[in-house]
Each structure stands twice: as structure tokens, then as C-alpha cells.
1. Once each part is reduced to its C-alpha centroid, what is the distance from the range C:155-209 to the range C:264-333 in angstrom?
2. Please give, to one decimal in nm, the separation of the simple spin-label points placed at C:LEU102 and C:ASP265, each 7 Å out from Cα toward the Cβ.
3. Can you tell me the Rg and Dmax of chain D, counting just the alpha carbons, in angstroms?
4. Assuming R0 = 45 Å, can you tell me the calculated FRET efficiency for the pair B:GLN46 and A:MET15, based on Cβ-Cβ distance, to the nearest 0.05?
5. In debye to the nearest 20, how big a dipole does chain D give about its Cα centre with +1 on each Lys and Arg Cβ and -1 on each Asp and Glu Cβ?
6. Specify the residue with the greatest mean-square fluctuation among A:HIS176, A:HIS78, A:HIS56, computed from a Gaussian network of chain A linking alpha-carbon atoms under 10 Å apart.
7. If you put +1 on each Lys and Arg Cβ and -1 on each Asp and Glu Cβ, how big is the dipole of the range B:240-333 around its Cα centre, in Debye rounded to 20?
8. Which residue in D is nearest the D/C rotation axis when you measure from the C-beta atom, and what is the distance in Å?
Number of protein chains: 4
Amino acid sequence: MNHVVKVGVIGLGQMGQIHARIYRKMSNVDLVAICEYSDERRAKAQEEFGCKTYKHYKEMLADPEIDAVSIVLPDNLHREAVEIAVQNKKHILLEKPLAKELADGKAMYEITKDYDKVFTVGFLLRFDPRFSMIKRALDEGELGDIIHLYCRRNSPIIGPRRYIGASDLSMHVMIHDIDYINWYMQSEPVKVFAKSRSVLLKEHDMDDVIYAIVTYANGAIACMEACWVLPENSPTTIDDKLELVGTKGVAYVDSCDNGVRFVSDKRIAYPDSRHWYEANGETSGDLSEQLYAFINNVVSGTKSIITPKEAYDSLRVVDAIERSIAEGKEVEV
Amino acid sequence: MNHVVKVGVIGLGQMGQIHARIYRKMSNVDLVAICEYSDERRAKAQEEFGCKTYKHYKEMLADPEIDAVSIVLPDNLHREAVEIAVQNKKHILLEKPLAKELADGKAMYEITKDYDKVFTVGFLLRFDPRFSMIKRALDEGELGDIIHLYCRRNSPIIGPRRYIGASDLSMHVMIHDIDYINWYMQSEPVKVFAKSRSVLLKEHDMDDVIYAIVTYANGAIACMEACWVLPENSPTTIDDKLELVGTKGVAYVDSCDNGVRFVSDKRIAYPDSRHWYEANGETSGDLSEQLYAFINNVVSGTKSIITPKEAYDSLRVVDAIERSIAEGKEVEV
Amino acid sequence: MNHVVKVGVIGLGQMGQIHARIYRKMSNVDLVAICEYSDERRAKAQEEFGCKTYKHYKEMLADPEIDAVSIVLPDNLHREAVEIAVQNKKHILLEKPLAKELADGKAMYEITKDYDKVFTVGFLLRFDPRFSMIKRALDEGELGDIIHLYCRRNSPIIGPRRYIGASDLSMHVMIHDIDYINWYMQSEPVKVFAKSRSVLLKEHDMDDVIYAIVTYANGAIACMEACWVLPENSPTTIDDKLELVGTKGVAYVDSCDNGVRFVSDKRIAYPDSRHWYEANGETSGDLSEQLYAFINNVVSGTKSIITPKEAYDSLRVVDAIERSIAEGKEVEV
Amino acid sequence: MNHVVKVGVIGLGQMGQIHARIYRKMSNVDLVAICEYSDERRAKAQEEFGCKTYKHYKEMLADPEIDAVSIVLPDNLHREAVEIAVQNKKHILLEKPLAKELADGKAMYEITKDYDKVFTVGFLLRFDPRFSMIKRALDEGELGDIIHLYCRRNSPIIGPRRYIGASDLSMHVMIHDIDYINWYMQSEPVKVFAKSRSVLLKEHDMDDVIYAIVTYANGAIACMEACWVLPENSPTTIDDKLELVGTKGVAYVDSCDNGVRFVSDKRIAYPDSRHWYEANGETSGDLSEQLYAFINNVVSGTKSIITPKEAYDSLRVVDAIERSIAEGKEVEV
């Protein structure tokens, strides 16, 4: 067993940079290469991380020194990048979602389902203690069977302005909830009614808000809300709520306030102290836990807790949500 | 640079077990030995961790295979264990407090202040994002100068019943706050007025509650509360609050609700999802971050952010609190 | 202008008793009569309130001494009681809902719309400062136009067990939210998709939970949740939440914690300190404010802020929710 | 028994105006007169309230038409105004504190202790359901004996800037807590250690913050914090907290968030929805409850729950706090 893993990061946008910073702090990871198409960003990343750089991921994935990669590319490039990474036998952490199109997701599921390296998709809430504690309570039977649940993942309008044309609300935001709800339900999603509205983002042809009511084969109902047009000055980065009502108990997540608050001339802020945060000069949090778990999977030869099937199932629900919105009625998943 | 660190844990009580479980999940740590005086606990730990075991820490510390140790012994054994560990050139993570007696703390400070291996003391709130974000805001000047702060660290009566005769409230609980407050203040504590009361723990000659008002050289005031007689059925494990008022802004920590809640037949609980928690079968949280930082210090040859001087200074404030309570008046630190 | 109002209360169940207690504390109200069909309850009420009693409301309503009445009867008796009260020219406060059946509600709307005495329906959230402050912010334009809102009104299973056969979730609980949402929207509700589930209350043929998505003529979406099967030991009596997202701002109500909490041997409770509560031996809160407003309307000859049209419109939405659940698809209001 | 009470308000500053507005909405109160020394304010008040006006309270108190008065004058005028009101046999609601000087308070206590009209002092938290519910739980024995309590009453720096030279922190703010703590304790305050600091208000010779530790005859400890230099943009008007630890249970008040929140271009605000608030065009809340209780006392010939002795005792604790700050040591009350 080799304890040291040589890692490359593909895509040095905002999230890719965070992956790279987390890898850099891990004492048994060598961040050996980064890949970024933009010359400016690539130069900047090289300055920060001081490792080999590539402009094209195809070339980087052919580099035999690299054991494992984080793929943090735009959604429409996920399929090709994963196909090449699989051909090159890399351990793969792919940022969510699996793919932009359902057909691509299906194809990716086929080539990764029996892959003998680590393949995982970046649903970081699986590594958030609040959500994993509820999974555990469900598995241990404390909450009984799920009757229904409500969840919310709302954020300021600053976010979608960065993604104009690149992603939409169901695919970018709601998919986080879809993933953990499927994980909790242990039952197939069968029907979806969804409704959206576009006011503030209408000019960009994007949804302001989506409500989706998903019915599972076991009868359980999940009502999901995603909205990314909260005011710019919202103190909370992500207003992330969950209420799960079971036959024997209830569980709640509320992250409107993550335990630390600031009021100063500069801001009224309830900053994220969960997903990724900087503490004592290092980046930690759920994403860091996910990357540690990925590296542990690589070193120990184990599989991720997030399976290709699950990543594909999340995409199927997103697809049903979009169809229901378009057709104006409840649809089959 | 050797990426793999061989670690031993000394003392397999509740906390020592958690140290061992965290080391076990780290892919570049080999948990090679544990030390536990109780035959029963030692046998149990060997079964769980499957490594070498020692009954006496003196013997374990002489083992040349071991690079680094966590010392999780009763407070009165800290001095001897550290002295032997230093003689054996081990990297050392010592659980707080530095020592039970001020004189011991002074002696330990002297032998560790210029130690050329890692020496750190387990003040895990330094690795809690809520507290470290406030440190950063202070360092960046966002909050201005500290005018005053209030903090609370209260918990159910279940805790002290485990520590009867072994530790007291100022030393066991309040010292966490003293450490980070000193870290924030960047000024010497000069005067302390403290008041305690003993009702529910009177028979054990322990304090129920302590209030301490500490005045710093820069004029700032810190009012601390520690109480460990909350009802057994308190939903919150630790009611941990901080309010810091600066000349340019304020900051708050509130951990009464850590973002996840359960109501079931078995419990109404707002479980700890910060200090140490189990998620997906692994133990994570602030303590895990602290141990990762310790290992990173060992691998990279750097120093801990917690210095021997700081660990000793916390002890000096505890000593002043106890003197003020005994004398019924404000005392010098 | 006569400052003293002579009041009668019809129906001395749980809510009727609270009405009577509130009237009793008002120094310009004489509680002159109570009406209760159950001999046992009537005797008990007479002992508590020491006024005239009636078994049949028809007789009480014929009493010329009485100026104003609170009607706190089962829903199916509302129509007849109001008709007789109108014939007798009483000022009327009718507990919600207007009626059990839409046709009855229509008829009642017709006879009260031009009534020259006070007629109001007990939607006490109109008198809750949290909800009325949001109304004011909407009226003043601070929040812009409503894009969407989510609300929740969930409570422990203790409640529905009292109403077996007498009322259902949409009519009894959700109607509170329907009323204030209609008030906020200033637009006609046009379409409803609703979904319910029955697990714990299946044997009683009652819903555990309802989700309803209401679309208004102005395009705004309201997603409502009502669930009354929370665990019996839920610390919160009513988990009442509102999130309203407007084009210029957002507003939230959260009453999970109403500002006061108890943990003792007897309970972990976040008691209601809003709707009706006892303080210093008197019953106060939103309901008390509503009754004060009713008496002020009577004395000053003004109309209630709750109109017959609004009470009828709430019933129309309840009716659409029930039709959508039955038909399994979105329906017109 | 005359149900209609003729009321006058003396002092039409911010608080006096609120008194007047509340009286105006009461259907059995006639607001017959207001008194205001400032010509400008008096003219404005006459326009709003349309009743008789007086420049000098001595003249108004001689008006035989008036049954009852609210005295809302600067603290240093309280004694004289109460003396004249007593001579004129008025029912009196005096805004807190009883007096500015302990000697004045003593004299006022003497003339009001056996007064045969209503005399009460405006400690509105007695009428706040959160605080009165805790009083009830204490009286019923649910919480056992008080071991200790902590309370906080902090607010933005906007407040003290209005009171420059007129009042100080202990007298203006902390006295609210002193009143209800004495009410809870049912034991004499015997010793006080207090510490203050002045930074942002130093130029005005006012305290920024005070901590006071009060020891009661029964051994219970109360730690109080008052600070009125929070940032101007604090979302919370009053950060009002209470933690009470008893031998059988604990109770908490937290009003940092009063159940309703706004985020808009204009503000991030958690407005007061307790002390006094406007809803549907009327002013309601704790202060309104207090005025209703005052009128009920007047009409029914009963006494207020706030006694002259209690009002004087609060002043004695304020005096001890100021002495402890001045002397730098614990003092006797």
C-alpha cells in the first residue's frame, strides 16, 4: 500500500481552486499537476500551487505520474473527461452533477459502474455531519419510515449571475438535495410535480425558484424548494433547511445560522462554517472531508459511499423536474 | 520528508479512544501502539485497534518505532509523561490542561518552549471554524479593539459525575475559553474576580457554576460562565456561547443548536456536530482537524499554532480564578 | 357611544373558554351569557364565569341584553348560528373557518357582506405582529412584488386526536395560512396542485400531511405545508414558518422557538407565547388582540379588517385543495 | 363602577407618545389631556391627539377631570411629579426608574406604599409572556431553587446618543433586569461586584458596558450584562437574553430574533415584536398589556403587581452597582 497519492486537478475555476488548496494541505497527497484552459487562470494557479500545468485535460490525463484526479469542469465536458480518465485508469472525483444531459449520464454510468478504480461524484452533503447523522438515525430505525420531508436550498442572486448560460437551478442546486433524499429514501422516485417561476432572472432565461414534489415508490413525499434570487445582502450564504417526518420521530437541519455571526461596518454575515471555510490558513469543512475520504478510498482500495447508480438516479429526477415544469403536470420519473 | 507517521496513544479513556479512532482513519498515519493501565480497557482497545499495547507509558515512550504520541492521561500525570516523551524525542500532542498544578505547568513550559519536535496542547476550539473565523476578523482589524466579551460553556450534570475527584470546573471546562480568549486578546490578563456556587455537586465538593471577570492589560473585560449542572435531559450537549464586542464590530458564536435536531421516542437532542462526531462510520470534527494539523506539523517540520507559553498562560488564569474564589475578592493574575 | 359592551360566548369547548376568559379581563366588557349544549361543561362554565347560561344558541341569540357574540361552535353549525345572530342584529365574531361546506360559505357571505353590525372571522394571525409587520412591509412596497412564498404550520399528533371526525387538516390548520396569504397577495388564487398522505392517521381517515402549491393571477406561487403528526414530545406546539421572497426583499417568520424555553423533569418545552398564553393570571396574545379589536369595532362602529369576502375566498382555496388531492392533478380554484 | 377612565399623559417624548397612542386605542379610556413643556412637541401632540394640553404638569395634575396619569418625564422630575399627583389623588403609572437618586426613591416609597389609588412603575417585562411564564414556573416549583442566572440587555449605540447627560446604563437599562430578577428571587440582594468600561462613549462620560454579579441572601448568584454600544447596523434592537438554572430545571429567554426578520435594500432587521410594535395601525405589545393592566386596576379597584417596595429595591441595587464600580470592589447592597 502506497500511502502517498499523486493528484491532479482539472479545471481551476472557483471550486477547482478549493480542491487544489485542500489537496495541498494533505500531508500524504502530492498535488503534482493542474489543468486549466484559460491562460490567465493557469498562470495564476501555477504561481499559487507551483506544480506542472496543462492546458488540455486530455494531455494531463495521459500523464502516468498522476494517480487520481478531481474533475471540476463545466457540466457539458464531464462525459468526455471521465471517459478519458477511465481509459487512463485514474481514480476520479467528479464534481456534481454527473452530466448535463441524461443520455450522457446513462453512458457514464455504464462505464463507471464496474470500474476498478475509485469513481465518485462530489455530493458533499454526504460528508456533512448534519445530513449523515440523519442517515444514521434512519438506518438505525430511530425515525421509523419516512412520511414526508421538506427541504430548501436558497441563496443570494450573486450566484446565478456567475452561471448565466452555464447551468440552471435544478441541475446546479436542487441536485444536492435530490442526492441525499434518494440516499435517505431507499426507494425509487416515481412521480414528480414541479413548478418554477422566473422574474428577476427572466432576461437570462433562468428560473428564480423551483418547487418540486417527488413521490417515492414507498409512498413518501418530498417537497423541495430551490431559489437563488435572495437579496445580495442576505446574511446567510445558503439557507439550507430540512424537515424529515418519520413514523417514529422527526429530524431537522437548519443552516440559516451556522453558529458564527458578524456585524460590522463591512457586513452583517452568518458565514458558511460547514461546506468549505478557511481556518488558521487552511481550507476545511465538508468538501475537505470528502477529499480526505476520496484519498482514503484510493489508499485503502475501497469504494466511495456515492455510487455511479446514485449519481445517475439524481440526474433522472432532475430530468423529470424539467419535464414537469415544461408540461405543466405531474410526470413519471 | 517521510509522509507516513507512526503514532501511539497513551490513555484509552473516552477521549483517548477518540484520538485512536481518528488516527486510524488517516491514510498516512500508522497507529502502531496504545498504552492503557487498566487491563480491561487495554484488552478492549487491542481488540478494536489491533496494534501493540503497553501498560506503562514509560515503556511505550521508549519504543523507537513511535514518532508521535497523543497523551490523554489524568491531569496529574501530564508532567511526568511529557518529561519522558521529551527525553525520547517524540512529537507530542498533550490533551488539555497543561498540568494540574501551576508549578508543574511552569516546569513543563520550560522544557517544551525550545523543544525541536512538535509539542502542542489539545485546545480544540482553535480548530473550530467559528472561533478561528473570529480570530481572523480580529487579526484583520474588522472588529477593531475588543471592548468586552462574554462566553458560556455549560453542560448537563452527566459530565461532572464522571470526573468526581478528578477535575474541577475551572480546570476542565473554563480553560477552553481562557485559551481562546487569551489568543484573541493579545494582551496580558492582569486581574480576576470570580465567584462560584455549589449546590447540586456540594456533596462531591465540586462547583456547580463559576463566573469569572478577567481584566486585561489593554483594559478589555472578559466575563466567563461555566456551569455543568444543567438537567440530564438537556437537548444540547454543550451550550457554548460567545459575544465579542469590538470598537468596530461584534461577533457571536452560538452552539446551542448545532444545525441538526432530533425528536423521537428516544430523545430530544441537538447533538454535537462540531467537536467530534461520527459520520459515515468515521470520527470527524474539530478534534479530527486538530489531529490532522498535528500530523501535518510532524510531516512538514512546522510548529503548532498553540504554543507552550499559551498553554502555561491559561493555567495562570485558572490559578487566579481559584484564588479569587477562595479569597472572596479580585486578585492579580 | 356606549363604552361598555355586553357579550355572550356560544360554545364553551377549549377555544370558547379562552374567548370567555379574555372577555372577562376586559374592563369595558360585561360577559353576560354563555351557551353550551353539554350539561357538564355548561355547569362548569357557569361556576367559572358566573353569568347567565343557555343550552341552545337560538335562545341565547334572542336575548336582547346581548350586544355581541363569539361563536365557537363545530364548523357544521356555523351557518345556522350566524343566520340567527344576523336576524337578531348581534355583532358577531365567528371562529374560523367560515363554514364546513363551500355552499354554506357562499350563503353566509351573501348575508354578511352588507351587514350593518360587526361581522368578523377568527383568523388570529392577522393580529400577530409578525404577520402584520410583513403585510405592512408589502403595503409600503419595501419587499416589491411577491415572487413566491413557502409556509408551514405543523404540530404534534395530540391535536388531530381531539378532532377525529370533526375536522380535517386543510380546513382546520391550513386555512390560517390561506387567509393571510390571500391578504398578502392582493390577487386571485387561480390554480392549485395538492398532495396529501395518510399514515399515522389512516385509521381515522384523516390526512397526516398536505402540500399545496397555489398559483395566483399575478403569477406568484405559494407552497404550503401542513402536518399534524409530529411526535407527542415535540418541544414546539406549532412549528409555524413563513418565507416570502419579493422582488425587492425577503421576509421570514419562524416560531419554532417563541423566545422562551424550559427544560425540566416534566418537560422540554418551547411554549406558545404568541397565540394565547397566560401571564400574571390573565390570558393574552394574538387572540386577545383580536377580541380587543372586535370590541373596539363594536364601540366605535367600525368594520373588522377581516371581510366576509376574504373569509369566503379562504374556503374556496380549501375546496380546491381537496379537489386536487381527490383528482390527483392541478385544478382551477 | 365606572368603566370609562379619563387619562392624561405627562411628557410627550418618544415613550410618552407611545403611551398616548395606546390609550387612544382603548375603547374605555378617554385620553383627555397631555402635558409637554416643549412648545413644538406640545403643538405636534395636540394635532395628533386632539385633546386638552398643558405646559406644566402641576396645572394638569390639578385638573379634576383626570382620573389617571402616565408620568413619562426625565428621571430627575419623577419625585416632584409623583408628589403632586398623590396630592391630587390621581391613579399613577410612572415610567421606570422610580427616581434618579436613592434618597428620592426612599421618599417616594414612603408616600406611595399605603396610597389608596393605583401606583405602579413601568417595568414592562413583567407583562412580557416570556418573563412571566418563568415567574410562574418558579412559583409552581417546576424549576426548584435558583442556583444562578445570567442575563443580557444589549443594544445599538443609537440609544445612548439620545440620552447623553440624561441617564446612564445601570439606571436606564439594567434596572429592567434587576426588577424581574428581584421578582424571581424572593430573597434580598446582599452583595454586588460590578465592573464597567467606557471606550466609545468615553467622551460623553458614559459607560459602554457594565457587568454586575449580585449575590442574594439565599446564596443565588445573578450575573448581569448591559452594553449599549453595539454597531448601529445591528439587526436586533435589543439583544435580550436570560438563562436561569434551578435545582430542578432551567429556563431561557432569547430575543435576539423575535420571530420575524426582513432583508431588503433598506435594512437587515429583526424588529421588536414584543415590547411595543405597530400592527394594523395600532400600537400593541408588552407596554400595551401593561397599560391595559393599569386601567383594569383603576376600574376594578385592585393594586398593580409591581409594588412601591419593589421599585425602591431595584433602585437600591442600581446604587450598589454604581458604588462597586466606583470603589473597585464588592459592596453591600
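Just so you know, all these numbers are worked out from the coordinates, no wet-lab data involved. Bear in mind that the values here come from a model prediction, so they are computed numbers and not experimental data. So basically every Cβ, Gly included, is an ideal-geometry build from the backbone, and we count neighbours across all protein chains shown.
1. Here the two parts' Cα centres lie 13 Å apart.
2. Each label point lies 7 Å from its Cα, and together they span 5.5 nm.
3. Just the Cα atoms of chain D yield Rg and Dmax of 19.8, 56 Å.
4. Once the sixth-power term is evaluated, E becomes 0.55.
5. 340
6. A:HIS56
7. Details: 11 positive and 17 negative charges, 30 e Å.
For the range B:240-333, the charge dipole is close to 140 debye.
8. Result for the axis mapping D onto C: D:ASN28, 2.
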